[in-house]
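The values are calculated or read from the model by the stated rules, or taken from the named source; none is laboratory data. Computed from a prediction, not measured in an experiment: that's the story for all the values here. Quick reminder, even Gly has a Cβ in these numbers, built from the backbone with ideal geometry, and neighbours come from all protein chains shown. The accessibility values were calculated without ligands, DNA or RNA, using every heavy atom of the protein model including side chains. Shrake-Rupley method; radii C 1.70, N 1.55, O 1.52, S 1.80 Å.
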Amino acid sequence: MQATGTAMTADRETLSRDMAALANYLMRTANMGTFNAIAELDLSFTQIKALCALEADGEERSVKALAESLGVSLPAMSRAVDGLFERGFVGREEDTEDRRMKRVRLTDAGRTVPKALNEARLSALQELLSSLGEEEALALEHALSLILERRAEIAAYRPTEQGAAR
């Protein structure tokens, strides 16, 4: 923090670097659990992206719209969806207005994939928090409560008690 007159203002450059250090640490520690979860599922990166996109939207989409939103070719997305359909992670139906189009939606089994990835990240966070001293934990709790109270778009990603995030 820098003194400006009588008020304290955050040194945004230092704060950015400090947040990057924390984010990088969390990503590295969380990635091991996330990568292990992905390996166990034996899914391609495109399939993971598709499942996470469908879960984030919460609604069915055409294969074409899904491909466009993820920057993947239509043939690649079609192959990814075929594999997900065969494993029961997505349901697939013809579009009622255009039978050439296929619409996909998550099944209950498909919802477990993003949930497993979120739980791996949450586990890494719990490990970090258990390593903090009481003063550090209270300071972090205070800072996060201020942010989450004022930033609904961030608070929307808070995991439920069962571990699944938005």
### Query
What are the residues in segment 76-99 that are open to solvent by less than 80 Å² (accessible area, probe 1.4 Å) and closer than 20 Å to residue 42 by Cα, if any?
76, 77, 78, 80, 81, 82, 83, 84, 88, 89, 90, 91
### Query
Which is open to solvent by less than 80 Å² (accessible area, probe 1.4 Å) and touching a helix residue (DSSP H, G or I) at 6+ places or on another chain (Cβ under 6 Å), of 56, 37?
37
### Task
Kindly indicate which of 111, 103, 121 is in contact (Cβ under 8 Å) with a residue 24 or more places away in the chain and either of a type in the set (Ser, Thr, Tyr) or open to solvent by less than 90 Å² (accessible area, probe 1.4 Å) (or both).
103
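Residues are listed down the side, and each one gets a yes or a no for (1) at pLDDT below 90; (2) in a strand (DSSP E or B):
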| position | (1), (2) |
| --- | --- |
| 36 | yes, no |
| 46 | no, no |
| 52 | no, no |
| 66 | no, no |
| 98 | yes, no |
| 104 | no, yes |
## Note on the structure
Reported set for segment 44-95 where residues are within 19 Å of residue 117 (Cα to Cα), among the charged types (D, E, K, R) and within 18 Å of the chain's Cα centre (by Cα) is 49, 55, 57
